[in-house]
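This report concerns only the one structure given below.
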Amino acid sequence: MRSLIRLFGVALPAVTTGAIVLVVFADVIARNFFQAPIPWAHDLAVVMMAVTVWFGLAGACMSDQMFGIATVVERSPPRLQMAAMVAADLLTILIAAAVVRAAYAQISTARFTTFLALGWPKWIIAAFIAAGMIMIIIVRLLDIVARLRGEKNFQ
């Protein structure tokens, strides 16, 4: 499961970041040197940015790069750090679940709107948000189980 999340949470955002740079660069060149902007470049860049941010957040979560959480846990007394980590994981799961719920509501209300140039449904952005949050929930649940089993390196 972790390797699948690593693929979608680390590798895919890296690829989409490169693709965003290429698409925006091509659009800038086409617009400035040939006076022929690429009509779908902006919409595609927005979709790829959603993948990069929301899936990348899951990758950051898997690598324990959630700065605020790590700071609070590390500053807890040593005997309370396990409880602080589990509490932080549970809070993260609750927040991610609330975001999934909000994304679902957005999908329900935006199902008929589309990106003009691409023709793709705009709810796809909310679907990426929900998918990223579901990956975060899975990562945090796996971490809780690993911690409670006493595993030292569960990444």
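Of the residues making up segment 22-42, those that are of a type outside the set (Asp, Glu) and under 26 Å from the mean Cα position of the chain (by Cα) are Leu22, Val23, Val24, Phe25, Ala26, Trp40, Ala41, His42.
Just wondering, is there one or more residues in segment 134-148 that are surrounded by fewer than 17 Cβ atoms within 10 Å (Cβ to Cβ), in a loop (DSSP other than H, G, I, E, B), on the phi < 0 side of the Ramachandran plot and touching a residue at least 24 places away in the same chain (Cβ under 8 Å)? Within segment 134-148, not a single residue is surrounded by fewer than 17 Cβ atoms within 10 Å (Cβ to Cβ), in a loop (DSSP other than H, G, I, E, B), on the phi < 0 side of the Ramachandran plot and touching a residue at least 24 places away in the same chain (Cβ under 8 Å).
Kindly establish whether Phe115 is modelled with pLDDT under 95, closer than 23 Å to Phe8 by Cβ and touching an Asp or Glu at 6+ places or on another chain (Cβ under 6 Å). Yes, satisfied. Every condition in (1) touching a residue at least 24 places away in the same chain (Cβ under 8 Å); (2) touching a strand residue (DSSP E or B) at 6+ places or on another chain (Cβ under 8 Å) is met by Thr114 except one, and the failing one is (1). Note down all Cβ pairs under 7 Å where the first residue falls in segment 28-43 and is under 11 Å from Phe115 (Cβ atoms), the second is surrounded by 14 or more Cβ atoms within 10 Å (Cβ to Cβ) and among the aliphatic types (A, V, I, L, M), and they're at least six residues apart or on different chains. Pairs found: Trp40/Leu118; Asp43/Leu118.
In summary, helices (runs of 4 or more DSSP H) completely within segment 1-94 and bearing 2 or more residues that are among the hydrophobic types (A, V, I, L, M, F, W, C) and either in contact with a Phe, Trp or Tyr (Cβ under 8 Å, 6 or more places away or on another chain) or open to solvent by less than 80 Å² (accessible area, probe 1.4 Å) (or both) occur at 12-34, 41-62, 67-74. Considering Ala45, Ala19, Ala14, the condition of being under 17 Å from the mean Cα position of the chain (by Cα), within 30 Å of Val145 (Cα to Cα) and aliphatic (A, V, I, L, M) is satisfied by Ala14 alone.
Scanning segment 96-119 for residues that are within 18 Å of Val46 (Cα to Cα) and surrounded by 15 or more Cβ atoms within 10 Å (Cβ to Cβ) gives Ala103, Gln106, Ile107, Ala110, Thr114, Phe115, Leu118.
The values are calculated or read from the model by the stated rules, or taken from the named source; none is laboratory data. Every value quoted in this text rests on a predicted model; they were computed, and no experiment measured them. Virtual Cβ from ideal backbone geometry, glycine too; neighbours counted across all protein chains shown. All accessible areas refer to the heavy atoms of the entire protein, side chains included, with ligands and DNA or RNA removed. Shrake-Rupley method; radii C 1.70, N 1.55, O 1.52, S 1.80 Å.
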